[in-house]
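Have a look at the structure below before the remarks.
Every number here is computed from the coordinates shown, using simple stated rules; none is lab data. Please read all numbers here as calculations on a predicted model, not as lab measurements. When we count neighbours, we look across all protein chains shown, and the Cβ atoms used for this are built from the backbone with ideal geometry, even at glycine.
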Amino acid sequence: MTSNNTKSNSQAEPETEEIPLLPPENEASLANHAIPLGETILTLQVGPHPIYGILQRSRAVTSQSDYYRLQFRGYARSDGSHWHPMEGDDSRFHALYNMAWVRVDRPSKTVTFGPKNGVQCSPGLEGTGLDTYLFGNAVAWAKSTCPDYAIAPGLVTLSQPATEEEQTRKHSFYAGQGFQFEWQDPAQRSALYFKDKVSKLLGVWNKDTVHEFGGEEMLKMLASQDEARAELQQKLDVAESAQDQMKRALQKEKNTSQILTGVLILAAIIGIWAVL
């Protein structure tokens, strides 16, 4: 009996050690390796003067992570007849402003949204709805890529206590994407936005204020502009032709008047001679 027990114990499988999870990869390093996926023209409808710009999507994929980023740079603001180029932070791809990203960590099956302190617009693009568009697109991408993953809570920190309007705006921004939002201190200078699973988020934005121009739409717009330009050129040609005809008519009348004046003067001289 003893020998059988010994044999049984010797054949027992050794316990396997649990492999510790690797820490998430740094998003700054992933951003440096991100490859552009393409660019899209966006129009931000701000009252009667729309803003046109370029949206760039990029992605970095490693054995551990999947990183997706959206960046926007303004090109010009149109007042209907003139284009006014954007300048400064409004006009370039920025590491802080006008961007949003998602980092998927496969070992822990978690998703982190960024930038860490929330999506921020540059001064000239505030109030355009661009922040909601960028964040909503990041959420939509995460839902299509890893809907069953958990979400790492995000922290939003303000430089000074939030006013009642800022509190409402911050809460609405995150709640509008399906997050829960809670202030963490009495002064309401920091807050957490969180949700248990990616599939429960929304990924939406106002398509009336932010509009993407696809290739077909761009061709239609260019064709329409060409037709309008041709129509204006035709009207200009007609106007110039009418102007030339008027100039010739005026010159003819002028020549006729000069001839009549000369005849009258000659008749007057002959009359004077006859009297003398």
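Here are a few things to note about the model shown:
- Virtual spin-label span in nm between residue 240 and residue 160, 7 Å along Cα→Cβ: 6.0 nm
- Most positive-pole-ward Cα, 101, 177, 256, against dipole of the chain from beta carbon charges: 256
- Backbone HN-Hα couplings from phi across region 90-104 [Karplus 6.51/-1.76/1.60, Hz, Gly and Pro as x]: 5, 9, 9, 5, 10, 7, 10, 8, 6, 8, 8, 8, 9, 10, 9
- For region 23-214, size of Cβ-based charge dipole, Lys and Arg +1, Asp and Glu -1, in debye: 560 debye
- R0 of 35 Å, Cβ-Cβ distance residue 190-residue 76: FRET efficiency to nearest 0.05: 0.40
- At least 18 Å along the helix axis (C-alpha) and Kyte average at least -1.0, DSSP helices within the chain: 130-145, 215-275
- Each Cα pair under 8 Å and six or more residues apart adds its sequence gap; the mean of these over the residue count of the chain is a relative contact order of 14 percent.
- Taking a ≥ b ≥ c as the square roots of the Cα gyration tensor eigenvalues, region 23-214 comes out oblate, since a/c reaches at least 1.5 and a/b does not exceed b/c.
- Given charges at Cβ of Lys, Arg, Asp, Glu: region 23-214 dipole, positive-most of 26, 64, 49: 64
- The simple spin-label model puts a point 7 Å past each Cα toward its Cβ; for residue 108 and residue 212 those points are separated by 3.0 nm.
- Whole-Hz couplings from phi, Karplus 6.51/-1.76/1.60, listed for region 180-194; x for Gly and Pro: 8, 9, 9, 6, 9, 9, x, 6, 6, 9, 9, 8, 10, 10, 7
- As a proxy for reagent exposure, ranking 171, 84 by other Cβ atoms within 10 Å from fewest up yields 84, 171.
- Positive-end residue of 132, 203, 161, charge dipole of region 23-214 with Cβ unit charges: 203
- Taking other C-beta atoms within 10 Å as the exposure proxy, 99, 246, 86 rank 246, 86, 99 from fewest upward.
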